[in-house]
1. Which condition number does residue B:131 fail, the rest of (1) within 28 Å of residue B:77 (Cα to Cα); (2) in contact with a strand residue (DSSP E or B) (Cβ under 7 Å, 6 or more places away or on another chain); (3) loosely packed, with under 13 Cβ neighbours inside 10 Å being met?
2. Filter the range B:82-104 down to residues that are within 20 Å of the chain's Cα centre (by Cα) and of a type in the set (A, V, I, L, M, F, W, C) and give me whichever is surrounded by the most Cβ atoms within 10 Å (Cβ to Cβ).
3. Would you tally the residues in the range B:100-117 being in contact (Cβ under 8 Å) with a residue 60 or more places away in the chain and in a strand (DSSP E or B)?
4. Among what's in the range B:169-184 and is over 18 Å from the mean Cα position of the chain (by Cα) and hydrophobic (A, V, I, L, M, F, W, C), pick the residue that is surrounded by the most Cβ atoms within 10 Å (Cβ to Cβ).
5. State the number of residues belonging to the range B:170-193 that are outside any loop (DSSP other than H, G, I, E, B) and in contact (Cβ under 8 Å) with a residue 24 or more places away in the chain.
6. Restricting to the range B:150-168, name every residue that is open to solvent by 50 Å² or more (accessible area, probe 1.4 Å) and not charged (D, E, K, R).
7. Testing residue A:74 on (1) in contact with a Pro (Cβ under 8 Å, 6 or more places away or on another chain); (2) on the phi > 0 side of the Ramachandran plot, one condition comes back false. Which one is that?
Amino acid sequence: MTKPTKPFSPQNLILLLLTLFSLFGCNEKKKDASKKIAVVISTLNNPWFVVLGESAAERARELGYEATIFDSQNNTSKEAEHFENLIAAGYSAVLFNPTDSEGSVSNVKRAKRAGVPVFCMDREVNSLDVATSQIISDSFSGCVALGEYFVRQLNKKGKYVELLGLVGDNNTWNRSKGFHSVVDLFPDLKMVSQQSADFDRSKAMEVLESIMQSNPDLNAVFCGNDAMAMGAYQALVAAGKEKDVMVFGFDGADDVMNAIADKKIKATVMQSPKKMARTAAELADEYIKGKRDFSKKTPLAVSLVTQENIKEFGDYDSRN
Amino acid sequence: MKQVIKYIVFALLIGLSLYNAVYFESLDDHKRGQNKGVFDVKTLAIDFMASKTETLPAINASEFLVNIADDITGYCKNNGKKLGISDNYNFIIEGNATVATIEDENILLVLNDDKEQHIRIATDFIFGNAIRDASAIADIGDFQNTMDFNSISVELNNIVRETVVPLLKQKVEEDDELYFKGAVEVNTKHPDLQHLKVIPLIIKFKK
């Protein structure tokens, strides 16, 4: 005898439909979430970082992701807020330019705990365990090359000033140490002042103006980035000393590249924010697709750009 | 009587807690403890220069020059060592040579294997990462702070500048025959093969 089949009660049918809808609804949301990449940048007040952020977002979009840029305004609390929001919003990966090598570690840690991989760009965080990979400029080697050029341009003697970047950033010290690993071996090169101008153009101008009051006979200024080099150059123009004092920068920013071509600034070190950002986006894509074995740090070589070889370069190594 | 016992017990308790709260150790032990786990770059560089350079695998200088002139990109990719994303490749090379000219910053050598081949040994401006990267003495991925990794190059170059170069400069004369082993960097994007500069690790005069 066959068992009579029970007609499906309307209540059960509603329950079944609700379950199915909620299940499919969740899946759809997850699918959307897996297509989002966050680009967190230390500051968008500096054109170099704008290029870094936009290139990262552009490459992420090319790879099929929705990309959003967050500006930390050089503030670790703001950066922490961004990390909280992007974790809650279900981003799949973060392309991250840290504000502070130490201060940013906790943010990366939080993302890691939430299962969100972080790929650092340009600046490193002082931890090997938290970021999935760190793509950094080989600032030290760049400044060794710049240091050698500096020594030769000054014929191994003279007075100079060093304008440092943000003191909490490892790049500041890698650049400074690379430069000093060369220049300090020449005893007739005297550093009359070393001050931070926070990688900022106007601050660099103010700082150099004040230094020049007590040191009017400078021969050169070494700046930890191009924004400060432009600020230093402006201060020299205002003092009518732009032809007597050599200015050296670091980055390969558009205005400094033009200034080198016009023989106003002596040299810079070309970093490639575009290449760095694209590499980070590609690594994030590989992670999302299942790869887990990444090298902890990948340095990206930089090039010395001088008035003699400027023709071989575009701004921010745009040939890449 | 009870009062006395109470005081003794009280004093014992105070003594016990003080004993556990204060530790004495020599200043040297304390400093050693503080530096435990801190990367000691000087020791690493000194050990390397004192005991690793003799056994470090090296490419014959003459073969090296022939191969990079023939196919610089292919040869560098297959045989050179580089750091991260870069066009700079590093090699350890060795050879027997005759001193042709003593220049301000270099010594120009003629290789004994082929008298048409020249190479320079640097005696000034000893900088860069050629030794560190060509010898693979350390892996950047092991360093929390890249500054520590970079300081390896600084220390290695310091040793070359302070020990290898002064002996070389003191002894060298034109037409001297010598054996050399050193590190050299080649850039594949902007190659300058006529001015390759070897940072010397070992120099032995044949007199």
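The values are calculated or read from the model by the stated rules, or taken from the named source; none is laboratory data. No experiment lies behind these values; they were computed from the predicted model shown. Backbone-built Cβ (ideal geometry, glycine too); neighbour counts: all protein chains shown. To get the accessible areas, we keep the full protein, side chains included, count just its heavy atoms, and leave off ligands, DNA and RNA. Shrake-Rupley method; radii C 1.70, N 1.55, O 1.52, S 1.80 Å.
1. Checking residue B:131 against (1) within 28 Å of residue B:77 (Cα to Cα); (2) in contact with a strand residue (DSSP E or B) (Cβ under 7 Å, 6 or more places away or on another chain); (3) loosely packed, with under 13 Cβ neighbours inside 10 Å, the one that fails is (3).
2. B:91
3. Of the residues in the range B:100-117, 6 are in contact (Cβ under 8 Å) with a residue 60 or more places away in the chain and in a strand (DSSP E or B).
4. Looking at the filtered set, the residue picked out is B:178.
5. 13
6. Within the range B:150-168, B:163, B:166, B:167 qualify.
7. All conditions are met except number (1).
Here's the yes/no breakdown for (1) within 14 Å of another protein chain (Cβ to nearest Cβ); (2) surrounded by fewer than 20 Cβ atoms within 10 Å (Cβ to Cβ); (3) of a type in the set (S, T, N, Q); (4) closer than 13 Å to residue A:222 by Cβ:
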site	(1), (2), (3), (4)
A:104	yes, no, yes, no
A:108	yes, no, no, no
A:113	no, yes, no, no
A:118	no, no, no, no
A:127	yes, yes, yes, no
A:160	no, no, no, yes
A:173	yes, no, no, no
